[in-house]
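Visitor: Just passing along the structure, written as structure tokens.
The values are calculated or read from the model by the stated rules, or taken from the named source; none is laboratory data. What you see is a predicted model; the values in this text were computed from it and never measured. In this analysis, Cβ positions are derived from the backbone assuming ideal geometry, glycine residues included, and neighbour counts consider all displayed protein chains. These area figures cover heavy atoms from the full protein model, side chains too; ligands, DNA and RNA do not enter into them. Shrake-Rupley method; radii C 1.70, N 1.55, O 1.52, S 1.80 Å.
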Amino acid sequence: MHSHHYQAPPFVLTFLGTGTSQGVPMIGCYCPVCTSPDPRDRRTRTSVLIRTPHQQILIDTTPDLRFQALRENLAHVDAVLLTHAHTDHIMGFDDLRRFSELQQCAIPLYASVETMEKMKQIFGFVFEFSNSQKPPKGYLRIIPHLIEKTWSLREIEITPIPLVHGAMKTLGFVFSSKKEKLLAYYTDCQELSAEAIAAAQGARILVLDALRDQFHPTHLNFDQAIQAAHQIKAERTFFIHCSHEVSHAPREAQLPEGILIAYDGLKVILTH
């Protein structure tokens, strides 16, 4: 219990996972990064948790969600946002049922029309139970919301930004309070449109896809991510979705000032 003097920080960003689709270490790989003793080189699939004094918002439900929740002692989720329906971002979806059970309520789920359709195909049983009057005990219950424009979750305003990710679109999210842009979260994208750059400009935190040094057809590489970070000019930029070609310590040391590589468990706290 907190004493009445305690004031929760207005905004805490926790990196639940920072790795690419297969995670790092990769199965059956014995490269220097996959065998690295540096804990920052162990990356579960990419996801973040946003905490304000009034709510906890989860972005994406990775195959590692259960493990991430146990590691971070996460026992409450007020809303879930999905960026897109690739396997590494959605396959822990059914692990949300524990939160549904603990909270004894349905969990609001926010996704684009396209992503929600894919979720219905893959997790049809969840949507069926959520429509029924009395779903079986212990099953996940959700309330689906289609993301079409800027909306608010309590004191936070969220603007969806379409991002190009190969043949599909990912949603980026810009989180704002009444007085400032707190966070721009852009995972899984190959380029940033002028709109995406403008929407993120001057954010306090920028979280950006940066897969590896080499060019990639569906993800930003480090050069592209650095260039985008320079255009956006956030207070602090964190790279995510890194592959096993990225060795945390030596690679971060080469980055420009104000740009860091995120790692699993990292917390970024914004004070007033």
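Visitor: Restricting to the range 247-261, name every residue that is assigned to a loop (DSSP other than H, G, I, E, B) and under 16 Å from Ser36 (Cβ atoms).
Guide: Within the range 247-261, Ser247 is the sole residue that qualifies.
Visitor: Would you confirm, using the coordinates I've provided, whether Ala106 is among the small types (Gly, Ala, Ser) and open to solvent by 40 Å² or more (accessible area, probe 1.4 Å)?
Guide: No: the conditions fail for Ala106.
Visitor: Suppose we filter Gly19, Gly23 for residues that are touching a residue at least 24 places away in the same chain (Cβ under 8 Å), on the phi > 0 side of the Ramachandran plot, out of contact with any Leu (no Cβ under 6 Å at 6 or more places or on another chain) and of a type in the set (Gly, Ala, Ser); which single one remains?
Guide: Answer to the check: Gly23.
Visitor: Right, another one. Within the bounds of the range 121-137, is there any residue that is open to solvent by less than 30 Å² (accessible area, probe 1.4 Å), closer than 28 Å to Ala167 by Cβ and assigned to a loop (DSSP other than H, G, I, E, B)?
Guide: Within the range 121-137, one or more residues are open to solvent by less than 30 Å² (accessible area, probe 1.4 Å), closer than 28 Å to Ala167 by Cβ and assigned to a loop (DSSP other than H, G, I, E, B).
Residues are listed down the side, and each one gets a yes or a no for (1) open to solvent by less than 10 Å² (accessible area, probe 1.4 Å); (2) closer than 14 Å to His241 by Cα; (3) polar (S, T, N, Q); (4) modelled with pLDDT of 95 or more:
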residue: Pro32; (1), (2), (3), (4): no, no, no, yes
residue: Arg40; (1), (2), (3), (4): no, yes, no, yes
residue: Val48; (1), (2), (3), (4): yes, yes, no, yes
residue: His54; (1), (2), (3), (4): no, no, no, no
residue: Ile59; (1), (2), (3), (4): yes, yes, no, yes
residue: Arg66; (1), (2), (3), (4): no, no, no, yes
residue: His76; (1), (2), (3), (4): no, no, no, yes
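Visitor: Now for a separate question. Out of everything in the range 109-120 that is within 18 Å of the chain's Cα centre (by Cα) and hydrophobic (A, V, I, L, M, F, W, C), what residue ends up being surrounded by the most Cβ atoms within 10 Å (Cβ to Cβ)?
Guide: Only one residue fits best here, namely Leu109.
Visitor: Which of the residues spanning the range 168-199 are touching a residue at least 60 places away in the same chain (Cβ under 8 Å) and not in a strand (DSSP E or B)?
Guide: Ser177, Thr187, Asp188
Visitor: Of the residues Ile197, Ile269, which is among the β-branched types (Val, Ile, Thr), open to solvent by 10 Å² or more (accessible area, probe 1.4 Å), over 21 Å from Gly17 (Cα atoms) and modelled with pLDDT of 95 or more?
Guide: On inspection, the qualifying residue turns out to be Ile197.
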